[in-house]
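Notes follow once the structure below has been shown.
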Amino acid sequence: MSNEQSTKKTINRIVPKIALAIFDIIAVNAAYLLALYVRFYVHGQFDEMAMIYYLPALRTFAPYYTIACIAVFAYFRLYSSLWRYAGIRDLNRLVVANVITFLIQVAGSVMFVQRMPITYYVIGGFIQVVLLFVSRFSFRFFAMEGSQIPKDKQDSAVNVMVVGIGDSAKMFLRQLARRGKNVMNPVCVIDYRGHNEGYLFDGFPVIATLEGMRKGIEKYNVKSVVIADSLMPSEVREKIRSLCDELNVDIQDFSGYNQGFTEDISLLKLMECVNGPVQIIMNEIPLDYENGEAAVMALHDKYIVKNVSADKGKLVIEVERDKTVRNNINDTWMNVYENQTGDQFNNIF
């Protein structure tokens, strides 16, 4: 790496941190100044006497509070995160840092300057949190929304229809959005179960039923269909492939979760039927999931179902990895599960 490239890399790493620090300096002071004005804006005008009384105190404490805020934010690594990919842990650190600076504002002003109105502290703390939240998470928002801008004007753009409503489809759309520039342009989502016609999924229109696929392909000028549902029954998958072959549309399978298919019942086939909570027991370790799809999303190897039971409305499934085993399965678990939850397996198998 040349010196010029190294310098450019260093600048690209440091400049965003400096920009955030400058914004924070402005934000933490503007928050409490605005709080003071809001507090004493009464009957359409400012209480000048109150402002004269409290404004000097705010100015006196501001430099010390600013230094304390920058130190706290640096300690919680608010200048070291990749905010483009910010998540719940980043949000937690941001909240904790603001709680600490709020306590510094209250204790510091009371002990070393003068006590301010309670509403001043509350309003100022709230405004500060909002400003810092926007400054950080706007990186992710604009990065994600920018990648969602339609690519109709690009000659290389390919309109894509996503088949599936659930975690698999959401993951596919997120991964596509994170890639930034690419030729795949999602235009609609298919709910082959037929429950969500007219709704939006991650901002894309939902077309219900496979019968609507043909019209959707024509309406949105779809050139490629992506299957993104790990629980899709094989017969439905074949119908989609046949339709795509008929219309000469490319088809890809994103779900690709290879669960075991043997003479015994497979975990994937069983998970297609589970809408409620499920517990997977593997090597005597219980793993709880919200529903069948969440379980399949978490388990990527091949599994065979050894035993199935129902316990308080939860389906309990014991599995074995990469082995063909004899199952201890009978219809009693199905009857118990149907009685507890109301789900009918006979309509699915």
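Say whether the condition of being farther than 23 Å from residue 216 by Cα and either at pLDDT below 80 or of a type in the set (Val, Ile, Thr) (or both) is met by at least one residue in region 148-171. Steps first, please.
First, the residues of region 148-171 that are farther than 23 Å from residue 216 by Cα: none.
Within region 148-171, not a single residue is farther than 23 Å from residue 216 by Cα and either at pLDDT below 80 or of a type in the set (Val, Ile, Thr) (or both).
Can you pull out every residue in region 72-94 that is exposed (fewer than 13 other Cβ atoms within 10 Å of the Cβ) and of a type outside the set (Lys, Arg)?
Scanning region 72-94 gives 75, 80, 82, 85, 87, 88, 92.
Considering only region 174-253, give the strands (runs of 3 or more DSSP E) lying wholly within it that have at least 1 residues that are touching a Ser or Thr at 6+ places or on another chain (Cβ under 9 Å). First the steps, then the outcome.
Numbers: elements: 184-191, 204-208, 224-227, 250-253.
Strands (runs of 3 or more DSSP E) meeting the threshold: 184-191, 224-227, 250-253.
Checking residue 63 against (1) at pLDDT 90 or above; (2) within 16 Å of residue 127 (Cα to Cα), which test does it fail?
(2)
Conditions tested, residue by residue: (1) outside the structural domain of residue 129 (by TED's automatic domain parsing); (2) part of a helix (DSSP H, G or I); (3) in contact with a Ser or Thr (Cβ under 7 Å, 6 or more places away or on another chain).
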| site | (1), (2), (3) |
| --- | --- |
| 14 | no, yes, no |
| 19 | no, yes, no |
| 22 | no, yes, no |
| 33 | no, yes, no |
| 61 | no, yes, yes |
| 64 | no, yes, no |
| 79 | no, no, no |
| 102 | no, yes, no |
| 106 | no, yes, no |
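The values are calculated or read from the model by the stated rules, or taken from the named source; none is laboratory data. In this text the structure is predicted, and so the values were computed from the model without any measurement. Glycine gets a Cβ as well: all are built from the backbone with ideal geometry, and neighbour counts include every protein chain shown.
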